Amino acid sequence: MSANEMKKMCTDEAGKEYVLQGNMAFAVGCVRSGIHGADGYPGTPSTEVIDRGLSEVQDMINVGWSVNEAVAAGVGFGYTLAGADVVVTMKIPGLFQAGDLFTSASFFQDKRGALIYYIASDFTPSSTQHLVDPRYLFRSCMVPVIEPRTHQEMMDSPGLAADIGRKFNTPVVILANGNLCHSEGLVRLNEIKKRDLVEMPDDLSRFNLLPAMARENYDSVIDQRMPGLEELSENSSMIEWLKGGGKKGAITYGMNIAYVKEVLDLFNLDVDVLSISMTNPLPMKQIKKFYDAIDGDVYVIEDGHKYLQEEMEREGMKVIGKEKYTKVTEWSPALIADKFGFSIEHKKSPIKPVPRPPMICAGCPYTLFGGVIAKMRKQGKIENVFGDIGCNALLYFMHALETGLAMGASDSQRQGFVLTKPDKAAKCISIIGDSTECHSGMDATRNAVYRRIPGVKVVLDNYWTAMTGGQPAPSSPVNLAGQESMYDLVKALEGNGNRVLVASAYDRKELQKTMKEALEFAEKGEFVVVVVRGCCVKQQPNSKKAIRLKINHDKCKKCYSCLMCAGIEKGTDEFPVYNTLCSGCAGENPACLQMCPFDAIEYLKEGENKTAEAVNFPAPPELVMPEYSIADFPERLTLAIRGVGGQGNLFFGRVMTQLAFVAGYSKKNIVKGETHGMAQMGGPVISTFSCGKVHSPVLFPKSADCIITMEVSELLRPGFLELLRDGATILISKTKIVPPVITPEQYPTDADIAKAVQGFRVVEVDILAKAVEIGDPTGKIANVVMIGVMSKLPPFDNFPVELWLKAIQNVSPKPAIWAGNYAAFMAGRKLI
């Protein structure tokens, strides 16, 4: 989101309607409710609050990234001692990284600013390494917990949390479901408020945790804070009782209410529902009142473990919830329907879906290193590789890494291994990224030096926190405020007392030589850190990215040594060919060129056509909007889109939300869901869209008016075909993307695809060819071609063409982009 867009939402009049991602709604709510500061550490699905939201309005709120979650929590506590209200953002694993500060800061009872923890859950998980439910920790720390249920509550929660924090002198947790964080929904801007700093005493000696003071604080929390919070919870206006006939009941909290409402509407069920948004302390009196009012079964629908269910059972209430050892950590409408006794028929496709593990980007500086380590493992020079969290984890799929545990834990694993097997010190290595080394990895570096544990630690330094989108770290050139970084990673490592070797990520021979040298030092009993340096290709300017090479067919032996990057693949003539993902290694020494043993890869000569030139599309005619009414359009509309990361699914979804907004569905509801995290890196991506009488970003089987697959084989994903309602259409792009982990022969055949969609109404189109034909050699506007195709299919053809065009223009209003998108959309309409 641009700074202008963010600032407009932060200053616009109250009541103005927007469709916002949950994280963005929360970010806007922070500014509009007068929060003074925000700090945190990037972690999907919480990152966008600062990265795409608050960082764009640094003149309105003090914001920054800290080196890890524990430091961010400490910075946040410091804000409160100055009387300021502050938000600290993180994902659940980050909470445990900050556990000492979180628990210690929970019991102070003296007046101060509000400390608000924004903690994003990922109970699927999509990009998180464990499924631990933190609610039990929150309860033992006696901090209030708010779990927003809608995008509107995401916007309203910062102000509510700040009020609670100040009134009860307590930190407050906002626990946001990952699906709510990353889906989009309708919000109406809340009132703009200004908060004065809390007047603090000059003497801060009360904020100390000497044992006697810790005991005093704990007792005070028991006597004062908790009774007050219980009263607040029991009398909250945010408790919602959806009245039914009293025959059957369901109790839920957080985003689960959206899934429950979806099932009730689809099946027209008579079920009373109690929805709560404050889960610590729980409003047990209200829960008991609801329970006693229901004649039949009472169900508990909750994500994570069984927090509410166990509390109710402890109070003697018999409920239907999760089994003793349950695998359900995240509900969906289908699972809830099944729980209510409506079994869903699941058809298993006879064809297995294509495996698409996330890949490192084309031209990534880790590519050559991964190849070097994989070869050394094959040769027996390295036996074990201990990995970490971040982009380096993707080396697993290059057979260049084995383990992955937690942030900063790679070398501590290696140390324990070597302490047990001293003869393996020169046969194993650890790998970590630069931002993770700064986060918590440096502790293990010091430990190796302190305890004299020999071996090799590799720090892959791409200068950014790349996995979560390229946020700055101490090792980056600048910080979030744009100030030049004074931190020197190599000097910091040398300061520990260990030997440091530095190699270029784009020099294969230097990498081989450096790793050989490092292992020799390890053999002599020394601990060595190797820093492999090369900028993240995503952070390089686009002007540096272009295909710069060609394959000399006379020299090529088809050994495929070069096929170690997503930017090059086997062509139809079986010779390697560069595809549209190729970045030319952003001007660095190309990895594939260094891999070829026959000198068959050559630089393009000056004047030789690198890629076909894109057409300068003519300016579209001025849009004249027709008269229309929401009554002309379907009461409910749902859509699901599958593809591969990088195909433009997210843009597709944004156009649909704008279409619904322009068409008037803001008077009802608009919801969009999407995949984030590692799935974006060449992995499977799904986006969903719903408007009208809808609630959930997760679709129910047989509810979609159309399903679209931007890549042929993606329609084979489990549960995707089941989403289509009877009589609706599957729209298939003929685009095929063969992942590097399989051969073209292993890719599903046309006959396989035809068998999978037998009995369905199918429309197949070659959107990539059409995009190239109209003047886009990269095929980047193929997704807009598909939007044009879909606009001709029922029920989407109910919308006038001008509404579609207005929606596309709203998403990308820049004249050159709008012109290309207009041409692509109109070309798509002519395809069908």
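The values are calculated or read from the model by the stated rules, or taken from the named source; none is laboratory data. A quick note: this is a predicted structure, and the numbers were derived from the prediction, not measured. Please note: Cβ atoms are built from the backbone with ideal geometry, for glycine as well, and neighbour counts cover all protein chains shown. Just the protein is used for accessible areas: all its heavy atoms, side chains included, with ligands, DNA and RNA removed. Shrake-Rupley method; radii C 1.70, N 1.55, O 1.52, S 1.80 Å.
Annotations for the structure displayed:
- A residue that is assigned to a loop (DSSP other than H, G, I, E, B) and acidic (Asp, Glu) occurs nowhere in the stretch 490-506.
- Screening the stretch 299-308 for residues that are crowded, with 24+ Cβ neighbours inside 10 Å and hydrophobic (A, V, I, L, M, F, W, C) and picking the one that is nearest to the chain's Cα centre (by Cα) gives Ile301.
- Cβ-Cβ distances below 6 Å connect the following pairs, each with a first residue in the stretch 120-140 that is of a type in the set (A, V, I, L, M), a second residue that is part of a helix (DSSP H, G or I), and a separation of six or more residues or different chains: Ala120/Gly178; Ala120/Cys181.
- When residues in the stretch 108-162 are screened for being buried (at least 23 other Cβ atoms within 10 Å of the Cβ), more than 19 Å from the chain's Cα centre (by Cα) and aromatic (Phe, Trp, Tyr), 2 of them pass.
- Screening the candidates Gly78, Gly34, Gly40 for the property of being without any contact (Cβ under 8 Å) to a residue 24 or more places away in the chain, closer than 30 Å to Ser220 by Cα and either open to solvent by 10 Å² or more (accessible area, probe 1.4 Å) or in contact with a helix residue (DSSP H, G or I) (Cβ under 7 Å, 6 or more places away or on another chain) (or both) yields one hit, Gly78.
- Within the stretch 617-630, residues that are in contact (Cβ under 8 Å) with a residue 12 or more places away in the chain and within 19 Å of Pro815 (Cβ to Cβ) sit with their Cβ atoms under 8 Å from residues that are open to solvent by 80 Å² or more (accessible area, probe 1.4 Å) and not aliphatic (A, V, I, L, M), at 6+ positions apart or across chains, in these pairs: Ala619/Pro815.
Residues checked against (1) closer than 30 Å to Leu805 by Cα; (2) among the basic types (Lys, Arg); (3) in contact with a Lys or Arg (Cβ under 7 Å, 6 or more places away or on another chain); (4) loosely packed, with under 15 Cβ neighbours inside 10 Å:
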residue: His553; (1), (2), (3), (4): no, no, no, yes
residue: Ala591; (1), (2), (3), (4): no, no, no, no
residue: Asn616; (1), (2), (3), (4): yes, no, no, yes
residue: Leu623; (1), (2), (3), (4): yes, no, yes, yes
residue: Phe633; (1), (2), (3), (4): yes, no, no, no
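- Flag if Ala426 is modelled with pLDDT under 95 and either crowded, with 19+ Cβ neighbours inside 10 Å or more than 13 Å from Val456 (Cα to Cα) (or both): no
- Leading residue by the ranking (least open to solvent (accessible area, probe 1.4 Å)) among those in the stretch 488-526 that are of a type in the set (Lys, Arg) and out of contact with any strand residue (DSSP E or B) (no Cβ under 7 Å at 6 or more places or on another chain): Arg508
- The set of residues from the stretch 394-407 being without any contact (Cβ under 8 Å) to a residue 60 or more places away in the chain and surrounded by 23 or more Cβ atoms within 10 Å (Cβ to Cβ) comprises Leu395, Ala400, Leu401.
- The residues in the stretch 622-637 that are of a type outside the set (A, V, I, L, M, F, W, C) and in contact with a helix residue (DSSP H, G or I) (Cβ under 8 Å, 6 or more places away or on another chain) can be counted, and the count is 4.
- Among (1) under 30 Å from Ala660 (Cα atoms); (2) loosely packed, with under 12 Cβ neighbours inside 10 Å, the one test that Tyr628 misses: (2)
- Restricting Ser543, Ser504 to those that are without any contact (Cβ under 8 Å) to a residue 24 or more places away in the chain and not aromatic (Phe, Trp, Tyr) reduces the list to Ser543.
- Pro777 vs. criteria assigned to a loop (DSSP other than H, G, I, E, B), modelled with pLDDT under 95, closer than 26 Å to Lys352 by Cβ and out of contact with any helix residue (DSSP H, G or I) (no Cβ under 8 Å at 6 or more places or on another chain): no
- In the set (1) more than 30 Å from Ala660 (Cβ to Cβ); (2) among the small types (Gly, Ala, Ser); (3) surrounded by fewer than 20 Cβ atoms within 10 Å (Cβ to Cβ); (4) in contact (Cβ under 8 Å) with a residue 40 or more places away in the chain, the condition left unmet by Ser561 is number (4).
- Residue list for the stretch 733-750, restricted to those being over 18 Å from Thr709 (Cβ atoms) and not in a loop (DSSP other than H, G, I, E, B): Pro744, Glu745, Gln746
- Matching residues, the stretch 252-270, being assigned to a loop (DSSP other than H, G, I, E, B) and open to solvent by 10 Å² or more (accessible area, probe 1.4 Å): Asn268, Leu269, Asp270
- Number of the exception - Ser236 against (1) open to solvent by 10 Å² or more (accessible area, probe 1.4 Å); (2) within 26 Å of Lys167 (Cβ to Cβ); (3) of a type in the set (Gly, Ala, Ser); (4) modelled with pLDDT of 95 or more: (4)
- Residues in the stretch 299-325 that are among the hydroxyl-bearing types (Ser, Thr, Tyr) and modelled with pLDDT of 95 or more: Tyr299, Tyr307.
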